Amino acid sequence: MSIVGFPSLGEGSTFVSTNPKKTIDMRTVKSILVIALMTLGTSTFAQDKPLHEIYSMMVYNFTKYIQWPDHDKSGEFVIAVIGNNEMYNTLNTWYSGKPKGSKTYVVKKFNSAAEVTECHLLFIDKSKSGEFAAANEKVKGKGTLVITDKNGLGEKGSCINFKTVDSKLKFELNQQAVEASNLKVSGALSSMAILI
C-alpha cells in the first residue's frame with residue numbers, strides 16, 4: 001500500500017538512521033502517516049475532495065486499525081452502505097477486489113435496514129439515519145463495525161460517528177458499542193477519536 005505517493009515497503013521493514021540508537025519500525029511510520037492524513041480537517045482537505053470521497057478514505061483506513069473476530073480466516077471482507085450511492089460507488093471503485101490480509105474487500109449496497117445481511121462494516125448515511133436502530137439491531141454482536149454520520153448516533157450505539165467540530169471533520173468512537181460488537185480498536189485510532 002502506498003500513502004500519498006510514499007512507496008510501500010514490506011512488512012517488518014525499518015528505517016535505520018545513521019545514529020545506531022534510532023531505528024524506527026515501518027509500521028510505526030505508516031501509522032503516523034495515516035494518522036496525520038486522517039486528522040486533517042475538512043476545512044483544508046475538503047476543498048479538493050467531495051465528502052463522500054473523504055468518508056470512503058476514512059472508512060477504508062478504519063479497517064486497518066480494528067481487529068475483527070474472524071481476522072485470521074480467509075474469504076470476503078464485506079463493507080456495506082445504506083443510503084449513499086456516491087459513497088457506495090467510490091468504495092466499490094477504489095477498494096472492491098483488493099486484499100485485506102487473507103480476505104478480499106467486497107462492497108455491497110443496501111437500500112434499507114430490512115436488506116442488511118452479514119457484513120464486517122456497515123455505513124449508514126444520515127439520509128437513512130431513521131433506520132439506524134433497525135440496522136444496528138440486525139448486526140448487533142456479529143462483529144460488525146457500524147459507522148454513521150449524524151449527530152447523536154454515537155451515543156445511541158454507533159461504533160463510529162462522523163462529526164463536524166469547528167469546521168473540521170472528526171469522529172466519535174463509542175467504546176461500549178465497539179466492545180459489544182466483539183471488535184478490538186488500536187490505541188492509535190482511539191487517540192484520534194472523540195471518545196464516548
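Each reported figure results from applying straightforward, stated rules to the coordinates on display, with no laboratory input. These numbers were taken from a predicted model, which means no experiment stands behind them. Here the Cβ is made from the backbone with ideal geometry for all residues, glycine too, and neighbour counts use every protein chain on show.
Okay, here's what the table says:
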| quantity | calculated |
| --- | --- |
| Cross-link table LYS49/LYS98; LYS100/LYS142; LYS73/LYS168; LYS109/LYS156, entries beyond 31 Å C-alpha to C-alpha | LYS73/LYS168 |
| Global form of region 50-195, assessed from the alpha-carbon gyration tensor, a/c cut-off 1.5 | rounded |
| Cα gyration tensor shape of region 115-196, rounded if a/c is under 1.5, else prolate or oblate by comparing a/b with b/c | oblate |
| Segment ILE194-LYS64, extension gain: residue separation times 0.36 nm, minus the distance between their alpha carbons | 45.0 nm |
| Cα gyration tensor shape for region 124-166, rounded if a/c is under 1.5, else prolate or oblate | prolate |
| Spin-label model distance (nm) - ASN151 vs SER186, 7 Å beyond Cα toward Cβ | 3.2 nm |
| Spacing of the two label points (7 Å from each Cα toward its C-beta) at SER96 and SER167, in nm | 3.7 nm |
| PHE162, PHE132 arranged by Cβ crowding within 10 Å, fewest neighbours leading | PHE132, PHE162 |
